[in-house]
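Here the structure comes first, spelled out in structure tokens, and everything after it is commentary.
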Amino acid sequence: MAGPADRSPASTDRRAGRRTFPVLLGAALALTFVGSLRVAEVDPRLLVDRKAAASVARFVADALPPRVDGEFLSLLGVAAVETVQISIAGTVIAVLVGAPLGLMATASLTWSGVLHERATRATRLLLAMAPYGVARALLSVFRAIPEYVWAFMFVRAVGLGPFPAVLAIGVAYGGMLGKVYSEILETADPRPLEALHAAGAGKAGVVVYGLLPAALPHLVSYTLYRWECAIRASAILGFVGAGGLGQQIELSMRMFRFDEVVTLLLVLLALVGAVDVVSGRVRARIGG
Amino acid sequence: MARAVTGTAAVERPRGGRVPWVGAAVALALVVWSWRGIQADIPGLLGGEGLRQIATYAVRLFPPDLSQAALRDAAVGAVETFAISLVGSVLAVCVALPLALVTTRTILYRGILHEGHRLGAAEKALRIAVCAAGRAVLAVLRTIPEIVWALLFVLIVGLGPFPGVLALGFHTGGVLGKLFGEALEDVDQRPLEALQSTGAGRLGIVVYGILPQALPQFVSYALYRWEVNIRAAAVMGFVGAGGLGQRVHVAISLFHEQQLLTLVLAVYVMVTLVDALSAWLRSRLV
């Protein structure tokens, strides 16, 4: 369909590449998938044999009706409150971890752009290497290791209870917040910053009066979004002994009390829903 | 500390002017309440005890165990984790697609597909019921967290990576089903009208009008969930569902700290690898 203007040898080459690429990609994906099926020991027969059917039937029979007596509900209430507290405290730590690292990992703050126009090339490179590189590396490690692994390690380091969960959320989500903070700051409109700079503002002035006010709604909005994720995470971190609803879910499952598990999941659903609504409203209001 | 807290709390200052201080005060109160609730001993943490515990533990992690056996174990676990995440994500797409189709109102009972002819009352009620049932199934699938699914499937099909695959497929299937359904409902209506005016039937409009428009979003969402799933697959093993998680669990439980660090590094490598792979595929495909 391409017009005659396109018919240079280079573009035919490229088009040939375009035609073979999907085939190669498809083949590679198919091979990887088949290999993965074997490695993952996928065996659908296990799902339909009589034993599986019997256990599913037993789970369902055990699960109904859900346990809703007063004693259990009050236990649940305590766990639910703890889950909310873990998510809030964890998010605060995440901000404390993510904000400074995010600032350092922002290229336009540490080594390029209007703030460093007068720096020489060598200084810029040095600035780029040291805090910028270190901050990026730290953020990458923090967020690539899942919060459950962090929680597990913190349980070993500081003992059982809600505190390791708070630290785990703080570190893992700090890594995500830091990365996104730096992306938000880097995409901020440079013109007001240049105007401030031209008017004689110093570096701190440009950051405090130019960059942060422009970026704040987005920063807050993303932080709230992460809080929504944190409530889910904090409900599950209990699986490794880190308090909250998760610990209760794990206990109930280990004791085959599926009637309790159903109630716990319903509470989790309500909690997540409530947080979504609150956070959504605040976000709509600040327009981030 | 105080600065960052006000950063979160001063949510409404820049635009509002309506109730900025009330919002800030509520947020601050929530933070204080949470800190008291979790009984975190901040002076203790920063002053010595907690920090020293963490430092002691961190020191014991080094150096990572780079013996042949440990490396082989980590490699096997990493490959298994990758396989769980990939097969689990594909299974999730297979679960999500049919459910997304039956929960799309614009396909089932309203909008351009149903302009020409009117559905009978009973027929329409049935279709609304199918849609509602599909949505309920999706809600249950995604409400139950992966690790709870994993524990359930370990009880049903036994230990190993397979329950991990099923857990990812079910939970992520629920998430993707919802996202796919939204993508199907949000397609641009004009091409559909054009197709209709050229005489395309309802199946034709779905196949040539709706699906091609939603496909790039499907791919994008599926790749995004794959990135989420590699992280989930790395922890599924905590409940016996194979992969690196199982080995991490064993290493932590047996106090093999140096082996643990090797495994955590393997998690880092796998996650970073899949993130890069997914970003590359997205740039080529979408």
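Could you pull out every one of the helices (runs of 4 or more DSSP H) wholly within the stretch B:144-247 that has 2 or more residues that are within 14 Å of another protein chain (Cβ to nearest Cβ)? Working first, answer last.
Numbers: elements: B:146-157, B:161-185, B:189-197, B:211-236.
Fully inside the stretch B:144-247 and qualifying: B:146-157, B:161-185, B:211-236.
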Revision key, fill the gap. From the option list B:L192, B:L168, B:L176, B:L155, single residue qualifying as farther than 19 Å from B:S89 by Cα and touching a residue at least 60 places away in the same chain (Cβ under 8 Å) is B:L192
Check your understanding: Out of curiosity, is A:S74 exposed (fewer than 11 other Cβ atoms within 10 Å of the Cβ) and polar (S, T, N, Q)?
Key -> yes
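From the list A:T263, A:T223, pick out the single residue that is assigned to a helix (DSSP H, G or I), hydroxyl-bearing (S, T, Y) and more than 22 Å from A:A172 (Cα to Cα).
On the way: A:T223 fails: more than 22 Å from A:A172 (Cα to Cα).
On inspection, the qualifying residue turns out to be A:T263.
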Exercise for review: Could you tell me whether the stretch A:230-245 includes any residue that is at the interface with chain B (Cβ under 10 Å from one of its Cβ atoms) and assigned to a loop (DSSP other than H, G, I, E, B)?
Suggested key: yes
Exercise for review: Kindly indicate whether B:A200 is of a type in the set (A, V, I, L, M, F, W, C) and in contact (Cβ under 8 Å) with a residue 12 or more places away in the chain.
Suggested key: no
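Is it the case that A:I184 is free of Cβ contacts under 8 Å to residues at least 40 places away in the same chain and either farther than 23 Å from B:R60 by Cβ or in contact with a Cys (Cβ under 7 Å, 6 or more places away or on another chain) (or both)? Spell out the reasoning first.
On the way: free of Cβ contacts under 8 Å to residues at least 40 places away in the same chain: yes; either farther than 23 Å from B:R60 by Cβ or in contact with a Cys (Cβ under 7 Å, 6 or more places away or on another chain) (or both): yes.
Yes: the conditions hold for A:I184.
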Practice item. Restricting attention to the stretch A:236-271, report how many residues are closer than 23 Å to A:P146 by Cα and surrounded by fewer than 18 Cβ atoms within 10 Å (Cβ to Cβ). Key: 2
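Criterion first (buried (at least 24 other Cβ atoms within 10 Å of the Cβ), more than 23 Å from B:D65 (Cβ to Cβ) and either of a type outside the set (D, E) or assigned by TED's automatic domain parsing to the domain that holds B:V76 (or both)) does B:A234 satisfy it?
Numbers: buried (at least 24 other Cβ atoms within 10 Å of the Cβ): yes; more than 23 Å from B:D65 (Cβ to Cβ): no; either of a type outside the set (D, E) or assigned by TED's automatic domain parsing to the domain that holds B:V76 (or both): yes.
The answer is no for B:A234.
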Review point. For B:L101, are the conditions met, namely being in a helix (DSSP H, G or I) and at pLDDT 85 or above?
Key: yes
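Looking at the stretch A:184-205, can you tell me whether even one residue there is under 28 Å from A:A274 (Cα atoms) and either in contact with a His (Cβ under 7 Å, 6 or more places away or on another chain) or surrounded by 19 or more Cβ atoms within 10 Å (Cβ to Cβ) (or both)? Explain how you work it out, then say what you get.
To start, the set of residues in the stretch A:184-205 that are under 28 Å from A:A274 (Cα atoms) comprises A:184.
Filter once more, so that each one left must be either in contact with a His (Cβ under 7 Å, 6 or more places away or on another chain) or surrounded by 19 or more Cβ atoms within 10 Å (Cβ to Cβ) (or both): A:184.
Yes: one or more hits.
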Point to revise | In the stretch A:258-280, the residues that are of a type in the set (D, E, K, R) and modelled with pLDDT under 85 | key: A:D276
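The values are calculated or read from the model by the stated rules, or taken from the named source; none is laboratory data. Keep in mind the model is a prediction, meaning the values are calculated, not measured. Cβ: placed from backbone, ideal geometry, glycine included. Neighbour counts: every protein chain shown.
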